[in-house]
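Read the structure below first, then the notes.
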Amino acid sequence: MGTVTQKKTTKKSTEKVEEGIAVEVPAAPAVEEEKPAEIVVEAKKKILFVASEAAPFIATGGLAEVIGSLSKALAGKGKYDVRVILPLYQDIKKDYRKDFKFIGNIFVPLSWRNQYCGIFEYTADNVTFYFVDNEYYFKRPGCYGYYDDGERFAFFCRSVMEILSFLNFYPDVMHCHDWQAALAALYLKTIYCFRPEYQFIRAVFTIHNIEYQGKYSLDILEDLFGISYRYQYLVEYDRCINLMKGAIECCERFTTVSPTYAGEIKDPYYSHGLDPIIRRNEFKLCGILNGIDPDYYDPATDKSLFAHYSAEDLAGKAVCKEELQKMLNLPVKPDTPIIAMITRLVTHKGLDLVREVIEQVLRQDVQFVLLGTGDSSYENYFADLARRYTGKVVSAITFNSDLSRKIYAGADIFLMPSKSEPCGLSQMIASRYGTVAVVRETGGLRDSITPYGLDGNGFTFKNYDAYDMLYVIGEAINTYHNKEAWSRLVKKAMTTDFTWATSAGYYEGLYLGMLK
Ligand code: GLC
C-alpha cells in the first residue's frame, strides 16, 4: 500500500532564528497514519447570575447596572454561556415585557407551600434572561420594602433551583448577588447538592452593600425558608437568621465590588456587624472593581444630552453646561464652576459633611446642583438651601435618569464624599462625561479616582472630615480657573478606563480557578 510510515523521532531541530539567536523548536512529529482531523469544540462554561434586579429591565441602584453590564461583558468574550435570572416584577418596563417568551410553568415547594412559578425568557447581547413569575409575590409596585420580602426572595431563590432542572441547565458557576439571592447558595449547599446534576455547581456570592444582610427571626427557618434546623449553624448570627452570613459560609468564593472595600469590611467601622464572619472567611474573599458600560454612557452618542462631545472635542460640553443652566434657571455663566451631586440622600453618602460646610463653598463664585431622594431630613435641608440661595443652588428632590445625564454632562465638578462606598458608579460616569470627581478615599472611590497632585484623574481626601473635604473642593475650584490644567484634567478623567475589560477578566479568573 502506498502509505509510507515515517519513523517517530524526538530529535529537535534549530531551524527558527529570532534576532540572530537560534531557538530550539521541536521537530514536527512523525506521521504514523492518516487520521481525519479531529475538531475539538470545548463546551462553553455556563455561568448563571442570580439577582434581584438588572438593567435595562428593572433598576433601583448600582446592582442592576452591574448585573446588566457584567453579564454582557462576559458573554461578549464568546467563551461563556451567560444567563441571568430575576423576579418578574410588575414594574419591569412594558417595552421589554412584550417581547418576553413564556416557556412554561412549574410548582415550587417552599416549606409547606407549593407555589406557582411561571418562567419567561428573553435574550439580548448573547445573554439569556429568565424571569420568575408569581403575581402574589411580585405584582406590586417597586422591588423591595414589603413585610414579606423574606418569603418573596425565598420563593425566588427556591424557584431558581427548580428552574435549573426544568431547563436542564446546570451551570458551572452560580453567581448570587446580595442578600436577596443568598438563599440560592444556601439551597444549593443544603438541599440540592445531593442530587447528581447539582453536585458540581460552584457558588460565588457578591456583596454589593454589606448594610443589607437579610436578617430574620430564627423561628421561621423551617416554616418559611424551608431549611432544616440541622443547618441553623450556617445561617445563625447574633441570634438571628442572617442570609448574607449563610451565603458567605456556603459559597466556594465570595467577592465584593472593589479591592479597598474587600479590606474595609473586615473592620467593624464598615462591616455592619459582620466583620468576624468576613475575617473568618477571608481566604475565599476577593474585591473586584465594577466597571460601566461605555456604550450606555457615552457623551458622543447619549440621546439625553443637549450636545455631543468627546475627549478630543470638548466643544459640546460647554453647550451642555449652558443649556443645563438655562433649564435649571441658573444664570448662564460659562466660567462659574457647577458642582453637582447625584445621590441617594442618606447619611453614608457623606451628606452630613456637605451640610456642615456647603455654605462656605457657596461664598465663592460657584453653582451647586443636587439630584436625589432619600431621608426627609436631607430632602428638607437641600430644598431649603435652594430657597435661600436662589440662582446659585438647585435641589431637584426626585430621581430622573434623563436629568441625571444632563447634569453629568453639564457640570464641572462631581462631589461624592461617601462615608463608605462599596464601589460607586457615579464617579465613573461623571468622569466619562468630563466632570471631575471629588471623592473621599473609601471603597471603590479610592480604587477609581486618583489624586490630581499625583497626576491623577480627580481630587480626593482621606479622613471623614468636613474641613478636609472643603479644602479639596477649594483645590478643585482653583484648578478649574486654570483653563489649561483643567482641560488636561478633564481629558484625563474622560480617558480613564472604566470599562469592564479588566474586571471581567478577573471574574473569569475567579470562575476558572474554582472549576479546576
Ligand atoms: C451598591 C453599592 C455601590 C455599588 C453598587 C454596584 O449599590 O452601594 O457602591 O457601586 O452596589 O455594585
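The values are calculated or read from the model by the stated rules, or taken from the named source; none is laboratory data. Just so it is clear, the model here is predicted, and its values are computed rather than measured. Here the Cβ is made from the backbone with ideal geometry for all residues, glycine too, and neighbour counts use every protein chain on show. Calculation scope for accessible area: heavy atoms of the full protein, side chains included, ligands and nucleic acids excluded. Shrake-Rupley method; radii C 1.70, N 1.55, O 1.52, S 1.80 Å.
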Selection status of Tyr270, within 14 Å of the ligand (Cβ to nearest atom), farther than 14 Å from Ser448 by Cβ, of a type in the set (Phe, Trp, Tyr) and surrounded by 17 or more Cβ atoms within 10 Å (Cβ to Cβ): yes
Considering only the range 109-124, I want to know if a residue exists there that is β-branched (Val, Ile, Thr) and closer than 21 Å to Asn242 by Cα. no
Flag for Ile278 being farther than 30 Å from Thr502 by Cα and of a type outside the set (Phe, Trp, Tyr): no
Given the criteria farther than 21 Å from Met428 by Cβ and among the hydroxyl-bearing types (Ser, Thr, Tyr), does Tyr389 qualify? yes
Residues of the range 384-395 being open to solvent by less than 20 Å² (accessible area, probe 1.4 Å) and part of a strand (DSSP E or B), in sequence order, are Val393
Suppose we filter Leu285, Leu305, Leu353, Leu324 for residues that are in the same structural domain as Thr60 (by TED's automatic domain parsing), open to solvent by less than 70 Å² (accessible area, probe 1.4 Å) and modelled with pLDDT of 95 or more; which single one remains? Leu285
State the number of residues belonging to the range 190-232 that are in contact with a Leu (Cβ under 9 Å, 6 or more places away or on another chain) and acidic (Asp, Glu). 1
I'm trying to understand the selection: among the residues of the range 60-83, which are outside any helix (DSSP H, G or I) and either crowded, with 21+ Cβ neighbours inside 10 Å or away from the ligand (no atom under 16 Å from the Cβ) (or both)? Lys77, Gly78, Lys79, Tyr80, Asp81, Val82, Arg83
Can you find, within the range 418-447, the residue that is most open to solvent (accessible area, probe 1.4 Å) among those that are charged (D, E, K, R) and within 13 Å of the ligand (Cβ to nearest atom)? Arg446
Condition first: on the phi > 0 side of the Ramachandran plot and at pLDDT 95 or above. Can you find one or more residues in the range 294-301 that meet it? no
Is the range 392-401 home to any residue that is within 16 Å of the ligand (Cβ to nearest atom) and either out of contact with any Cys (no Cβ under 6 Å at 6 or more places or on another chain) or farther than 21 Å from Thr460 by Cα (or both)? yes
Phe399: passes all of (1) part of a helix (DSSP H, G or I); (2) touching a Gly at 6+ places or on another chain (Cβ under 8 Å); (3) hydrophobic (A, V, I, L, M, F, W, C); (4) open to solvent by 10 Å² or more (accessible area, probe 1.4 Å) but (1)
In this structure, is Leu415 open to solvent by 10 Å² or more (accessible area, probe 1.4 Å), of a type outside the set (Gly, Ala, Ser), touching a residue at least 12 places away in the same chain (Cβ under 8 Å) and away from the ligand (no atom under 13 Å from the Cβ)? no
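Rundown of residues vs (1) in contact with a helix residue (DSSP H, G or I) (Cβ under 7 Å, 6 or more places away or on another chain); (2) not in a loop (DSSP other than H, G, I, E, B), yes/no style:
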| site | (1), (2) |
| --- | --- |
| Cys286 | yes, yes |
| Asp295 | no, no |
| Asp298 | no, no |
| Phe306 | yes, no |
| Tyr309 | yes, no |
| Glu312 | no, no |
| Ala318 | no, yes |
| Glu322 | no, yes |
| Lys326 | no, yes |
Any chance the range 131-138 includes a residue that's out of contact with any helix residue (DSSP H, G or I) (no Cβ under 8 Å at 6 or more places or on another chain) and closer than 20 Å to Leu70 by Cα? yes
In the range 252-264, is there at least one residue being of a type in the set (Gly, Ala, Ser), part of a loop (DSSP other than H, G, I, E, B), within 16 Å of the ligand (Cβ to nearest atom) and within 25 Å of Ser69 (Cβ to Cβ)? yes
So which residues in the range 217-251 are open to solvent by less than 50 Å² (accessible area, probe 1.4 Å) and assigned to a strand (DSSP E or B), if there are any at all? Tyr237, Cys240, Ile241, Asn242
Quick one: count up the residues across the range 448-482 that are within 21 Å of Trp500 (Cα to Cα) and open to solvent by less than 50 Å² (accessible area, probe 1.4 Å). 5
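Within the range 28-50, is there a residue that is modelled with pLDDT of 50 or more and within 16 Å of the ligand (Cβ to nearest atom)?
Scanning the range 28-50 turns up at least one residue that is modelled with pLDDT of 50 or more and within 16 Å of the ligand (Cβ to nearest atom).
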Tyr270 passes all but one of the listed conditions (1) in a loop (DSSP other than H, G, I, E, B); (2) in contact with a helix residue (DSSP H, G or I) (Cβ under 6 Å, 6 or more places away or on another chain); the exception is number (1)
